Each structure stands twice: as C-alpha cells, then as structure tokens.
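Bear in mind these aren't lab numbers, they're just calculated from the coordinates by the rules spelled out. Because the structure is a prediction, the values reported are computed rather than measured. All Cβ positions, even for glycine, are placed from backbone atoms using ideal geometry, and neighbour counts span all protein chains on display.
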Amino acid sequence: MNLNNIFGIHEQAVELRAKRAEVLASNLANADTPRYKARDLDFKEVLSELTGQVPALTTTNPSHIGPSQEVSEPDLKYRVALQMGLDANTVDTQVETGKFAQNSIQYSASLRFIDMKIRNMLTAIRGE
C-alpha cells in the first residue's frame, strides 16, 4: 500500500475546488461592478496537468527547477457571456450561482471520499 497515493486525485481536487470556489465567489461579489469580466478555470484541464495526464515540463539539467505538483495559481479564463450588461459586466448571477453550487457538491464529494479512506485505514489499523 502506497500512502502517497492513498487519496488518488481527491487531494488535488479538493485544493483545486477550493480555489475555484474563491474565483466563483469573486465573480458573484462583483456582479454589479462596471466592466468586470467573469472568470473561471477549466477544472479538468488543470487537474489533468496536476495528475500528470498531460505532458508536463521536464528538466534536462540537475540545476533546473522541476515542475511543482502543488495547486498554485491556475490559469484563469474569461467566461463567455451569454448577454453582457449595459455596464459591460459579464457576470450572470444565475450561471455563477449554479456553477458555485455544482462546485460545492463536488468539493463535498471529494471530502467524503477522503474521509472514507481515512476511516477505512483506521479500521484496518485497529483490526476491527
């Protein structure tokens, strides 16, 4: 059993979902800000990069700094507005609220998975 991989992608997914929640909350907070452009991140793309499913940078010299597997600041993209407001704001509160709710559910699911893994490990350690 490899303890480094016990949680699978859920460890990175929780961190990434938390960052996405901040971005979506920022969009909602700026719904009335003139010329504010709604932003989001492509969760699948960023998670693929973190889990190594997408070819990453490699080091060719021992003195090079290797790629980090931590969730840093992912590339934010501008959301394509269905209808821009008169003040050039692209935040659609209904879309943002829906995306925020969906992200929250997926965040909770990853946390439940991690919790289940920890409980299973404790059960195995105790021999119950």
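Below, the figures for the structure above:
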{"quantity": "Within-13-Å neighbourhood charge of T93 [Cβ basis; K, R +1; D, E -1]", "calculated": "-1"}
{"quantity": "Positive dipole terminus of the range 77-116, leading residue within V95, L111, Q83 (C-beta point charges)", "calculated": "L111"}
